[in-house]
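Read the structure below first, then the notes.
The values are calculated or read from the model by the stated rules, or taken from the named source; none is laboratory data. As the structure is a prediction and not an experimental result, all values here were calculated from the model. Cβ coordinates were reconstructed from backbone atoms using ideal geometry, including for glycine residues, and neighbour counts include every protein chain displayed.
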Amino acid sequence: MAIKGDYNNSKGLTISYRQLGTISVDELLQALIQDVHALRDIYNVQYVKSPRLRLFATNEYGDEVMVRRPTGGPVNYLDTHHYRPACKDYDL
């Protein structure tokens, strides 16, 4: 079992964006795309299992804000909006 903060013994991979500070969602998207391309092209990562992304939503000044549904309720967890067709699970 890996100790929190002990990245040398962890089987997972952590990509840190802390040094970027407060950035727009569009800039985060570009950083994620570049890093996924690097994982694939430089580090030869072909598959991932159970990836997670934890975000701290802020305003332009870096103050944390609550993410809310269109109806006004708070959002703490979001399932992906990505759709993976079932046919990709089979050799068709």
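Below, the figures for the structure above:
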quantity	calculated
Meets criteria (among the acidic types (Asp, Glu) and over 19 Å from the mean Cα position of the chain (by Cα)) for GLU60	yes
Top-ranked residue in the range 30-46 [being in a helix (DSSP H, G or I) and of a type in the set (A, V, I, L, M); ranked as surrounded by the fewest Cβ atoms within 10 Å (Cβ to Cβ)]	ILE33
Count - residues of the range 52-80 that are under 21 Å from HIS37 (Cβ atoms) and either among the basic types (Lys, Arg) or modelled with pLDDT under 90 (or both)	2
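Matching residues to (1) in contact with a His (Cβ under 7 Å, 6 or more places away or on another chain); (2) under 18 Å from TYR17 (Cβ atoms); (3) loosely packed, with under 10 Cβ neighbours inside 10 Å:
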residue: VAL48; (1), (2), (3): no, yes, no
residue: PRO51; (1), (2), (3): no, yes, yes
residue: LEU55; (1), (2), (3): no, yes, no
residue: THR80; (1), (2), (3): no, no, yes
